[in-house]
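The values are calculated or read from the model by the stated rules, or taken from the named source; none is laboratory data. Computed from a predicted structure; not experimentally measured. Cβ atoms come from the backbone with ideal geometry, glycine included; neighbour counts cover every protein chain shown.
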Amino acid sequence: MQNYDIYENPLISRYSSREMAELFSEKKRIGLFRSLWIALAESEKELGINITDGQIAELKKYAADINFERAAELEKKVRHDVMAHVHAYGEQAVSAMPIIHLGATSCFVTDNADLIVYREAVALIQKKLLNAVKNLKEFALKYKSLPTLGFTHLQPAQLTTVGKRASLWLYDLLLDYAETEHLYDTFRLRGVKGTTGTQASFLSLFDGDGKKVKALEGLVVKKMGFSKVFSVTGQTYTRKFDYKILSVLSQIAQSASKFSNDMRLLQHMKELEEPFEKSQIGSSAMAYKRNPMRSERITSLSRFVMSLPTSGAFTAGTQWLERTLDDSANRRIVMAQAFLAADGILELVLNITENLCVYEKIIKKHIDAELPFMATEEILMECVKAGGNRQELHEKIRVLSMESAKTVKIEGGDNDLVERIKKEKLFSAIHGKLDGILDPKNFIGRAAEQVEELIAEEVDPLLSKHKDVLNLKGNVTV
């Protein structure tokens with residue numbers, strides 16, 4: 001239920017999926033705290049510490065029954081969130097109170113829990129990336145041979161195809177997915193390191209037996225579903241890893257921003273259009289408008305995500321000695337919101353790419369307005385092949401081009417260069433070939449083949465490997 005009396009984060013109320021929002025909930029976080037405390041107690045018991053089966057059973061009994069209100073009361077008193085939850089848990093699991101958090105420091109639960117959440121969030125991002133790749137693959141294949149004006153400097157350039165242009169968006173997402181794979185594979189837990197990372201408290205707990213300390217860490221990490229730990233830490237794992245996460249999310253935002261800005265330009269030209277629902281309103285004043293609100297929202301959210309690695313860099317660079325707490329408030333905001341915003345971006349990308357509208361007649365109209373200028377070299381070459389004087393032909397076609405450009409730019413008329421060429425005896429040798437010369441498909445190079453090759457060589461193998469997750473639809477909350 002929305003609370004209209006206080007500020008609510010729009011990333012939750014408007015943009016991200018519930019699945020992503022739940023990953024960053026307090027229920028998830030504190031639930032992981034309790035799972036970590038159970039794993040620690042079980043592992044200590046297995047290695048000979050005097051912890052009873054009854055204590056473990058009581059910890060498990062209350063693992064999901066989190067008394068948040070009591071923890072909030074205690075935090076106001078002790079001003080320490082982890083210890084508030086230790087005591088709140090202990091008030092439920094009374095017999096286990098003496099052994100909860102035994103030998104650990106706060107970052108045992110906070111850092112390890114964060115890393116678990118981040119890895120699950122990356123997996124969700126990967127799933128949405130793969131579905132966006134699937135959508136763009138299908139679109140690129142469908143329109144691989146449909147000629148369209150290419151643009152450099154936002155000026156008409158050689159033709160490309162609608163599918164080839166989509167392959168540029170697709171390829172960016174492929175690169176992003178590869179980055180998420182590398183990131184996912186490098187995830188590890190902080191482990192069981194103690195207050196300054198030396199494991200001194202655990203060494204004392206095991207009477208100086210370093211092998212047991214090392215075994216303890218291995219057991220805990222395995223119970224939490226991981227196989228690796230950060231080799232060395234201070235009180236926290238290196239915050240450079242957070243920067244790495246933010247950088248990958250930024251790259252996804254960069255790709256999405258490129259796509260959404262291209263969509264905004266193409267919708268302006270009426271060539272492509274994002275979905276527009278039956279009852280959707282484009283403007284409060286101009287009833288005819290179909291604004292690209294989804295693409296604009298992607299651009300806006302992407303700008304936010306692209307700004308966040310800077311904050312992560314400052315956090316990593318100011319962790320004095322073994323740690324300082326100035327990372328805490330920042331990370332609570334930056335890390336969660338980076339994932340929530342990236343998730344919202346991909347929901348929109350999915351929604352657009354599964355419902356893209358293409359207006360082929362408008363695309364052809366734009367080609368017809370520019371192609372005669374672009375075809376002058378081919379016309380010139382064909383005339384030379386027929387025995388014409390290259391220099392004479394070049395000068396004449398230059399003059400005719402300037403006259404036609406004047407008609408377009410000054411008089412507001414259509415491009416009439418072809419009609420002018422048809423009236424010139426100098427070009428009579430190719431008058432019957434002009435329609436063939438001006439076929440747009442003669443000017444798209446290997447665009448269609450490039451699309452096919454990209455999909456066959458890189459896209460299909462990836463999608464085939466992950467076909468079990470290719471079932472998502474993009475959701476626009478508001």
> For V232, which of the numbered conditions (1) surrounded by fewer than 20 Cβ atoms within 10 Å (Cβ to Cβ); (2) aliphatic (A, V, I, L, M); (3) touching a helix residue (DSSP H, G or I) at 6+ places or on another chain (Cβ under 9 Å) fails to hold?
Replying inline: (3)
>> Consider region 172-214. How many of its residues are outside any loop (DSSP other than H, G, I, E, B) and within 38 Å of the chain's Cα centre (by Cα)?
In response: 16
>> Can you confirm whether K137 is outside any loop (DSSP other than H, G, I, E, B) and in contact (Cβ under 8 Å) with a residue 40 or more places away in the chain?
In response: yes
> Could we say that E377 is surrounded by fewer than 12 Cβ atoms within 10 Å (Cβ to Cβ), out of contact with any Gly (no Cβ under 9 Å at 6 or more places or on another chain) and assigned to a helix (DSSP H, G or I) here?
Replying inline: yes
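Surrounded by 15 or more Cβ atoms within 10 Å (Cβ to Cβ) and over 21 Å from Q158 (Cα atoms): is that true of H431 in this structure? If you could, list the steps in order and put the result at the bottom.
Numbers: surrounded by 15 or more Cβ atoms within 10 Å (Cβ to Cβ): no; over 21 Å from Q158 (Cα atoms): yes.
No, not satisfied.
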> Any idea which of (1) at pLDDT 95 or above; (2) in a loop (DSSP other than H, G, I, E, B) is the one G282 doesn't satisfy?
Replying inline: (1)
> What residue, of V109, V78, V94, is under 27 Å from A57 (Cβ atoms) and surrounded by fewer than 22 Cβ atoms within 10 Å (Cβ to Cβ)?
Replying inline: V94
>> Going by what's in this entry, would L159 be described as assigned to a strand (DSSP E or B), outside the structural domain of R29 (by TED's automatic domain parsing), surrounded by 17 or more Cβ atoms within 10 Å (Cβ to Cβ) and in contact with a Phe, Trp or Tyr (Cβ under 6 Å, 6 or more places away or on another chain)?
In response: yes
>> If I filter region 423-453 down to residues being touching a Leu at 6+ places or on another chain (Cβ under 7 Å) and assigned to a helix (DSSP H, G or I), which single residue comes out as nearest to G163 (Cα to Cα)?
In response: V451
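Can you work out which of the residues in region 62-75 that are closer than 15 Å to F33 by Cα and hydrophobic (A, V, I, L, M, F, W, C) is surrounded by the most Cβ atoms within 10 Å (Cβ to Cβ)?
Going residue by residue through region 62-75, those that are closer than 15 Å to F33 by Cα are 62-68, 71.
From what is left, the residues that are hydrophobic (A, V, I, L, M, F, W, C) are 63-64, 66, 68, 71.
Working: A63: 17, A64: 10, I66: 20, F68: 12, A71: 22.
That would be A71.
Would you mind stating whether D343 is part of a helix (DSSP H, G or I) and in contact (Cβ under 8 Å) with a residue 12 or more places away in the chain? Please lay out each step first, then the result.
Values: part of a helix (DSSP H, G or I): yes; in contact (Cβ under 8 Å) with a residue 12 or more places away in the chain: yes.
So D343 passes the test.
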> Is it the case that region 445-454 has a residue that's closer than 28 Å to N389 by Cα, surrounded by fewer than 16 Cβ atoms within 10 Å (Cβ to Cβ) and modelled with pLDDT under 95?
Replying inline: yes
>> Filter region 210-251 down to the residues that are aliphatic (A, V, I, L, M), free of Cβ contacts under 8 Å to residues at least 60 places away in the same chain and within 24 Å of T180 (Cα to Cα) and list them by number.
In response: V221, V229, V232
>> If a residue counts only when it is of a type in the set (A, V, I, L, M) and in contact (Cβ under 8 Å) with a residue 24 or more places away in the chain, which helices (runs of 4 or more DSSP H) contained entirely in region 1-90 have at least 3 such residues?
In response: 18-23, 26-46
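If a residue must be of a type in the set (D, E, K, R) and within 16 Å of R331 (Cβ to Cβ), how many such residues does region 221-267 contain?
Residues of region 221-267 that are of a type in the set (D, E, K, R), as a first pass: 222-223, 228, 239-240, 242, 244, 258, 262, 264.
In the following step, the residues that additionally are within 16 Å of R331 (Cβ to Cβ) were identified as 239-240, 242, 244.
Total satisfying the criteria: 4.
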> Taking the stated definitions as given, is L346 hydrophobic (A, V, I, L, M, F, W, C) and in contact with a Cys (Cβ under 6 Å, 6 or more places away or on another chain)?
Replying inline: no
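I'd like to verify a number: residues in region 145-161 that are under 10 Å from I444 (Cα atoms) and in contact (Cβ under 8 Å) with a residue 24 or more places away in the chain, how many? If you could, list the steps in order and put the result at the bottom.
Narrowing region 145-161 to residues under 10 Å from I444 (Cα atoms): 145-150, 158-161.
Adding the requirement that they be in contact (Cβ under 8 Å) with a residue 24 or more places away in the chain leaves 145-149, 158-161.
Count: 9.
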